[in-house]
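The structure appears right after this line, and notes come after that.
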Amino acid sequence: MTITYFITGANRGIGFEFAKQLSADSNNIVIATTRSFTNAAALKELNRTNLIIIEFDLNNSLDLMRKSLQSIENYSVDVVIQNSGIAKDSQKSILQTTEDELREHYAVNAIGSVKVYQSIFPFWSKKANPETPKKLIFITSGAGCVNNFYPMQASHYGVSKAALNYISRHIAFDHKSSDLVHIKNSIVVAVHPGVVETDMSKPLLPYRESFPLPIITPQESAASTITPEESASSIIKLINGLEQKDNDTFISYDGTRHSW
Ligand SMILES: NC(=O)c1ccc[n+]([C@@H]2O[C@H](COP(=O)([O-])OP(=O)(O)OC[C@H]3O[C@@H](n4cnc5c(N)ncnc54)[C@H](OP(=O)(O)O)[C@@H]3O)[C@@H](O)[C@H]2O)c1
């Protein structure tokens, strides 16, 4: 039976790897989003019939985001991976952080994630799939831990991911009172993808010996990074194995559970 995935920010980085690896299985349908078709050359080159590419921008209004989803109205989505995110120039103290930086990061990483959830909900809740529980995955960061605060300067980025972690928990709480059994039994998790070699982390990697990276698993070390391929394949394995007991948790790509 077919499992349908909805992946945001799939034109590059970890999101692209999710789309590439998941669409390699012809049993899957993969709806991959990009802010713009012109940036989606790598996705298009995959040339897979089970891969649907749509334009979707988290900075748009909720109404516009809903309109972007009109072309997939016949689909019922089983697994949502809210992967889109930004991290710009966040190696600074809160004293140095500007209001614009806070607003920009909050708009995409926190408010944008809420709008992804709100706009995809009708497709995700449409009908149960006997093959899989409904799953909602928020790609977060160790930088957003509050209880398990990691001593690094993550500034506006950390603030926005901490908000995303709260959002993930609140959604899991909301679903417990759903009238729809498959939503009541759905699984919502926040996932740290590791320290991954992508455009996002590239500016920081040359300095990784001199500042602490958000290492939150015993396997990670200050100097070690993983590739987008490794991150995505580990997270796909994790998603496949998710059970009801994992609902409302914060997990690393390697399966390690964390306190928030
Ligand atoms: N790399 C790491 O070490 C690391 C560590 C912890 C957490 N993460 C998280 O992992 C996720 C993926 O990161 P990555 O490393 O793959 O980053 P990346 O290579 O910079 O890719 C980010 C993706 O998000 C998309 N995006 C940005 N703003 C958007 C918006 N307004 N609307 C829709 N899409 C938007 C980008 O689209 P465009 O190409 O159009 O910009 C791109 O597809 C992020 O949530 C990030 O915070 C990454």
The chain, relative contact order in percent, only Cα pairs under 8 angstrom and at least six apart counted: 19 percent
Per-residue HN-Hα couplings for the range 52-63 [Karplus 6.51, -1.76, 1.60; θ = phi - 60°; Hz; x = Gly/Pro]: 10, 10, 10, 8, 7, 10, 6, 8, 6, 5, 4, 4
Links that overshoot a 22 Å alpha carbon limit, given the list K44/K161; K20/K126; K134/K176; K44/K115; K115/K176: K44/K161; K20/K126; K44/K115
Residue of T225, T98, T34 that the Gaussian network model of the chain assigns the largest fluctuation, springs spanning Cα pairs under 10 Å: T98
S71 - accessible surface, heavy atoms, 1.4 Å probe, Å² rounded to 10: 90 Å²
Ellipticity estimate at 222 nm from DSSP helix runs (n ≥ 4, -39,500 (n - 2.57)) divided over the chain, nearest 500: -9000 deg cm²/dmol
Proximal aspartates and glutamates relative to K202, as straight alpha-carbon distance under 14 Å, when same-chain residues fewer than 8 apart are discounted: D89
Long-range HN-HN contacts of V77 with modeled amide H, under 5 Å: W124, K126
The range 192-201 - phi-based ³J(HN,Hα) in whole Hz, Karplus 6.51/-1.76/1.60, Gly and Pro as x: 8, x, x, 8, 10, 6, 9, 4, 5, 8
Helix 228-240 vs. the chain, principal-axis angle (Cα, 0 to 90°, nearest 10): 50 degrees
Under 5 Å, built H, 5+ apart or other chain: amide partners of I226: V195, V196, E197
Gain on full stretching of the segment that runs from H170 to K88 - 0.36 nm per residue minus C-alpha separation: 26.9 nm
Projected label distance in nm at T38 and L205, using a 7 Å step from Cα toward the beta-carbon: 2.7 nm
For S84, residues with placed amide H under 5 Å, excluding near neighbours: T8, G9
Acute angle (nearest 10 degrees) that the helix 13-23 long axis makes with the longest principal axis of the chain, alpha-carbon atoms: 30 degrees
Degrees separating the helix 113-124 axis from the principal Cα axis of the chain, which is the longest one: 20 degrees
Note, ³J(HN,Hα) from phi for the range 99-106, Karplus 6.51, -1.76, 1.60, rounded to Hz, x at Gly and Pro: 4, 4, 5, 4, 5, 4, 6, 5
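The values are calculated or read from the model by the stated rules, or taken from the named source; none is laboratory data. Fair warning: this is a prediction, and the values are worked out from it, not measured in the lab. Don't worry about glycine lacking a Cβ; one is built from the backbone with ideal geometry, like all the others, and counts go over all protein chains shown. The accessibility values were calculated without ligands, DNA or RNA, using every heavy atom of the protein model including side chains. Shrake-Rupley method; radii C 1.70, N 1.55, O 1.52, S 1.80 Å.
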